[in-house]
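Working notes, beginning with the structure itself.
No lab work stands behind these numbers, since they all come straight from the coordinates. Keep in mind the model is a prediction, meaning the values are calculated, not measured. Reconstructed Cβ throughout: ideal geometry from the backbone, glycine too, with neighbour counts over all protein chains shown.
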Amino acid sequence: DTGVSQDPRHKITKRGQNVTFRCDPISEHNRLYWYRQTLGQGPEFLTYFQNEAQLEKSRLLSNRFSAERPKGSFSTLEIQRTEQGDSAMYLCASSLQGDAWEKLFFGSGTQLSVL
Amino acid sequence: TQLLEQSPQFLSIQEGENLTVYCNSSSVFSSLQWYRQEPGEGPVLLVTVVTGGEVKKLKRLTFQFGDARKDSSLHITAAQPGDTGLYLCAGALDDMRFGAGTRLTVKP
């Protein structure tokens, strides 16, 4: 297994454009998380899925953000009408719910820059 | 306010020194985790502590979980430049929440 992979690694876009990121989790993992991280801060929870069901969504997440995990495998995170404040590292993590203590495995992230 | 408060925010020391960083909360957690993150990469899990008062050792790193399961500490003995990174604690409630981290720099 190659671990959690995220695509693209870097994205530069103009304000007002839509962007979509992809995350491929570890194959047997049933939980998938999205986090956002800005410089000097820890990862900030955005949303998570158990299989294909989106179980929780942060109150901080505006309606411009949407995430899907249609078949319980890969996930996409879309940001519509991007704003400069959306510039951040977007991290995906997966885990196996049912382990005694949940362990998150992170991808390398997608660095978004909104100009 | 952060659910998990980490201190100090920044720490810069010389190679060979010892250090301790802290993770505190008003919430009780069933487990706490410590991760290390390097620039441009995702966090990597170091350890999970689950029992109040538990102490776990990972080579030169010693992790302690508070008796009340609200706080944790990470002690590094004889720090090396390779220990440089962002140290994050995380606790599980309905989902996994992270502190803001301690950014450690170890100078040769």
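Overall, chain B carries a charge dipole of about 180 debye about its Cα centre when +1 sits on the Cβ of Lys and Arg and -1 on the Cβ of Asp and Glu, all other atoms neutral. Each principal axis of the Cα cloud of chain A was taken in turn, and the coordinate range along them, longest first, works out to 42, 25, 25 Å. P(r) tail for chain B: Cα pairs beyond 21 Å make up 29% of the total.
Summing charges over all other residues whose Cβ lies under 11 Å from the Cβ of B:S12, with Lys and Arg as +1 and Asp and Glu as -1, gives +1. Relative contact order of chain A: 37 percent, from C-alpha pairs under 8 Å at least 6 residues apart in sequence.
The Cα trace of the protein assembly as shown gives Rg and Dmax of 17.6, 51 Å, the first to one decimal, the second as a whole number. Based on Cα contacts under 8 Å between residues 6+ apart, chain B shows a relative contact order of 37 percent.
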